[in-house]
1. Quick one: in the range 53-73, which of the residues that are in contact (Cβ under 8 Å) with a residue 12 or more places away in the chain and more than 15 Å from the chain's Cα centre (by Cα) is farthest from residue 84 (Cα to Cα)?
2. What do you reckon, is residue 80 modelled with pLDDT of 75 or more, farther than 25 Å from residue 13 by Cα and either under 14 Å from the mean Cα position of the chain (by Cα) or exposed (fewer than 13 other Cβ atoms within 10 Å of the Cβ) (or both)?
3. Is it true that some residue in the range 25-42 is at pLDDT below 85 and not in a loop (DSSP other than H, G, I, E, B)?
4. Of all residues in the range 50-77, how many are touching a helix residue (DSSP H, G or I) at 6+ places or on another chain (Cβ under 7 Å), closer than 26 Å to residue 13 by Cβ and surrounded by fewer than 13 Cβ atoms within 10 Å (Cβ to Cβ)?
């Protein structure tokens with residue numbers, strides 16, 4: 001039997017509206033007192049790191065998630081059943097092919 005995962009309560013939601021452009025600023029200002037923040041100037045996360053290739057982005061995302069959860073690479077390996085070498089390879093963007101990924105998973 002699988003263990004239940006800890007679910008975080010949903011504290012924030014993203015709300016999208018379609019309407020007349022002339023009322024956009026007024027709608028944004030009316031939502032601010034309710035705790036909403038204008039995110040119209042945000043960029044997709046992939047665009048925030050144009051200097052990174054796909055493998056590097058995976059490593060950065062994994063490192064950020066580990067940091068947020070307070071996990072070391074070793075502890076993450078224990079929890080997932082993967083060898084810690086795979087996480088080191090992701091962190092350094094050395095995961096380039098399915099064969100290399102499989103080899104890293106099978107051998108520490």
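1. Selected residue: 53.
2. On the way: modelled with pLDDT of 75 or more: yes; farther than 25 Å from residue 13 by Cα: yes; either under 14 Å from the mean Cα position of the chain (by Cα) or exposed (fewer than 13 other Cβ atoms within 10 Å of the Cβ) (or both): yes.
Answer is yes for this residue.
3. no
4. 0
The values are calculated or read from the model by the stated rules, or taken from the named source; none is laboratory data. As the structure is a prediction and not an experimental result, all values here were calculated from the model. Methodologically, a virtual Cβ is constructed for each residue, glycine included, from the backbone with ideal geometry; neighbour enumeration extends over all protein chains shown.
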